[in-house]
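K.L.:
Could you have a look at this structure, given as structure tokens, before my questions?
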Amino acid sequence: MPGGQTDPTYRYTPAQQRRLVQNLASIYSDIDSRQYHSHPYTPHLIKAWHGRLFDGVRDHAGRIRSRDFGPEVLVFGPNRSVHRDFVLAQLVAHCSDATSLIAELDARSAKFDIHSISEAVKVSSYVHADLIRIHPFIDGNGRVARVVLDWILQGVGFPNCIAFHIPGAEYKDVLNHYYATTDIDPLIDLVLRALSFPLT
């Protein structure tokens, strides 16, 4: 089943790795300059970020799994993705749910206190984890979901690139815990710790 380290879909040459890093840096630069600030959170935006990330690296850039494209199910850790036949419908529902949550954050952003910080981290963590649950793309789901997490936090006043300060092994553990139990608190705690990381 796709998703293993031996699957060629998930292997990159050094040149491709460099291109991925450059593409990701370009996306973050545009987020930091607030070019995406007024964009609604839609499947189109998610696909656009994936398209930019994999531009010049993979021909599936920006393309979600569907009835006639991609593996039926992807395995990530002990988890299984949404079946490809239901990816689009679940992505639309995900974006609708997330848009409501983000709108509530925007309404509170003028009052940037402990409660609003906590809510921002909770919303961004949930949206991030839910996008990974769907696994809409053949590859790059984690990268795009981390862009989403940072975009939401940046939109309410946090600095960019928070996701880079999240320890990888612990991150996987808390995500797996969430998918097994629906307890998102460990992921929220991890993101809060990343927010306190000294930025240089």
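The values are calculated or read from the model by the stated rules, or taken from the named source; none is laboratory data. Since we're looking at a predicted model, the values are computed, not measured. Virtual Cβ from ideal backbone geometry, glycine too; neighbours counted across all protein chains shown.
K.L.:
Of (1) part of a helix (DSSP H, G or I); (2) of a type outside the set (Gly, Ala, Ser); (3) at pLDDT below 95, PHE112 satisfies all except one. Which?
P.N.:
Going through the list (1) part of a helix (DSSP H, G or I); (2) of a type outside the set (Gly, Ala, Ser); (3) at pLDDT below 95, PHE112 breaks only (1).
K.L.:
Let me ask something else. Is it the case that some residue within segment 104-124 is under 17 Å from the mean Cα position of the chain (by Cα), among the small types (Gly, Ala, Ser) and closer than 20 Å to ILE27 by Cα?
P.N.:
If we filter segment 104-124 for residues that are under 17 Å from the mean Cα position of the chain (by Cα), which is where we start, we get 120-124.
Then drop every residue that is not among the small types (Gly, Ala, Ser), which leaves 120, 124.
Of the ones still in play, those that are also closer than 20 Å to ILE27 by Cα are 124.
Yes, segment 104-124 contains a residue that is under 17 Å from the mean Cα position of the chain (by Cα), among the small types (Gly, Ala, Ser) and closer than 20 Å to ILE27 by Cα.
K.L.:
Residues that are touching a Gly at 6+ places or on another chain (Cβ under 8 Å), modelled with pLDDT of 85 or more and of a type in the set (Val, Ile, Thr): does segment 181-198 have at least one? Working first, answer last.
P.N.:
Looking only at segment 181-198, we keep the residues that are touching a Gly at 6+ places or on another chain (Cβ under 8 Å), and these are none.
No: segment 181-198 contains no residue that is touching a Gly at 6+ places or on another chain (Cβ under 8 Å), modelled with pLDDT of 85 or more and of a type in the set (Val, Ile, Thr).
K.L.:
Turning to a different aspect of this structure: Does segment 188-199 contain any residue that is out of contact with any Ser or Thr (no Cβ under 9 Å at 6 or more places or on another chain), over 28 Å from GLN35 (Cβ atoms) and either basic (Lys, Arg) or surrounded by fewer than 18 Cβ atoms within 10 Å (Cβ to Cβ) (or both)?
P.N.:
As a first pass, look at segment 188-199 and keep what is out of contact with any Ser or Thr (no Cβ under 9 Å at 6 or more places or on another chain): 189, 193-199.
With the extra rule that they be over 28 Å from GLN35 (Cβ atoms), the set shrinks to 189, 193.
Checking the rest, the ones that are also either basic (Lys, Arg) or surrounded by fewer than 18 Cβ atoms within 10 Å (Cβ to Cβ) (or both) come to 189, 193.
Checking segment 188-199: at least one residue is out of contact with any Ser or Thr (no Cβ under 9 Å at 6 or more places or on another chain), over 28 Å from GLN35 (Cβ atoms) and either basic (Lys, Arg) or surrounded by fewer than 18 Cβ atoms within 10 Å (Cβ to Cβ) (or both).
K.L.:
Right, here's the next one. In the set TYR28, TYR36, which member is hydroxyl-bearing (Ser, Thr, Tyr), assigned to a loop (DSSP other than H, G, I, E, B) and surrounded by 11 or more Cβ atoms within 10 Å (Cβ to Cβ)?
P.N.:
Working: TYR28 fails: assigned to a loop (DSSP other than H, G, I, E, B).
Among TYR28, TYR36, only TYR36 is hydroxyl-bearing (Ser, Thr, Tyr), assigned to a loop (DSSP other than H, G, I, E, B) and surrounded by 11 or more Cβ atoms within 10 Å (Cβ to Cβ).
K.L.:
From the list ASN141, ASN176, which residue is of a type in the set (S, T, N, Q) and buried (at least 18 other Cβ atoms within 10 Å of the Cβ)?
P.N.:
Details: ASN176 fails: buried (at least 18 other Cβ atoms within 10 Å of the Cβ).
Criteria check complete, one pass: ASN141.
K.L.:
Continuing with the same structure: Look at segment 144-169 and say how many of its residues are assigned to a helix (DSSP H, G or I), surrounded by fewer than 20 Cβ atoms within 10 Å (Cβ to Cβ) and in contact with a helix residue (DSSP H, G or I) (Cβ under 6 Å, 6 or more places away or on another chain).
P.N.:
Of the residues in segment 144-169, the ones assigned to a helix (DSSP H, G or I) are 144-155, 162-165, 168-169.
The next check asks that each one be surrounded by fewer than 20 Cβ atoms within 10 Å (Cβ to Cβ); those that pass are 164-165, 168-169.
Then keep just the ones that are in contact with a helix residue (DSSP H, G or I) (Cβ under 6 Å, 6 or more places away or on another chain); that gives 165.
Number satisfying all stated conditions: 1.
K.L.:
Here is a follow-up. I'd like to check something: does segment 46-53 contain any residue that is modelled with pLDDT of 95 or more and under 15 Å from ASP130 (Cβ atoms)? Walk me through how you get there before you give the answer.
P.N.:
Going through segment 46-53, the residues modelled with pLDDT of 95 or more turn out to be 46-53.
Filter once more, so that each one left must be under 15 Å from ASP130 (Cβ atoms): 46.
Yes, because at least one residue in segment 46-53 is modelled with pLDDT of 95 or more and under 15 Å from ASP130 (Cβ atoms).
K.L.:
Have a look at ASP85, ASP68, ASP97 and point out the one that is under 22 Å from ASP185 (Cα atoms) and acidic (Asp, Glu).
P.N.:
Working: ASP85 fails: under 22 Å from ASP185 (Cα atoms); ASP68 fails: under 22 Å from ASP185 (Cα atoms).
After ruling out the rest, the residue left standing is ASP97.
K.L.:
If I go through segment 39-67 residue by residue, how many of them are assigned to a loop (DSSP other than H, G, I, E, B) and in contact with a helix residue (DSSP H, G or I) (Cβ under 9 Å, 6 or more places away or on another chain)?
P.N.:
Step one: list which residues in segment 39-67 are assigned to a loop (DSSP other than H, G, I, E, B), which gives 39-42, 54-65, 67.
Going one step further and asking which of them are in contact with a helix residue (DSSP H, G or I) (Cβ under 9 Å, 6 or more places away or on another chain), we end up with 39-42, 54-58, 60-65, 67.
The total comes to 16.
K.L.:
Cβ-Cβ distance below 8 Å, separation of 6 or more or different chains: which pairs start in segment 60-88 with a residue that is without any contact (Cβ under 8 Å) to a residue 12 or more places away in the chain and end on one that is not in a helix (DSSP H, G or I)?
P.N.:
As it stands, the answer is ALA61/PHE54; ALA61/ASP55; ARG80/VAL73; ARG80/LEU74; HIS83/GLU72; HIS83/VAL73, since those pairs meet every condition given.
K.L.:
While we're here: For residues that are outside any helix (DSSP H, G or I) and at negative phi, scanning just segment 115-138, find the one that is surrounded by the fewest Cβ atoms within 10 Å (Cβ to Cβ). Step through it out loud before you land on a result.
P.N.:
Pass one, segment 115-138, residues outside any helix (DSSP H, G or I): 135-138.
Narrowing the set further to residues that are at negative phi leaves 136-138.
Details: PRO136: 28, PHE137: 28, ILE138: 23.
By that ranking, first place goes to ILE138.
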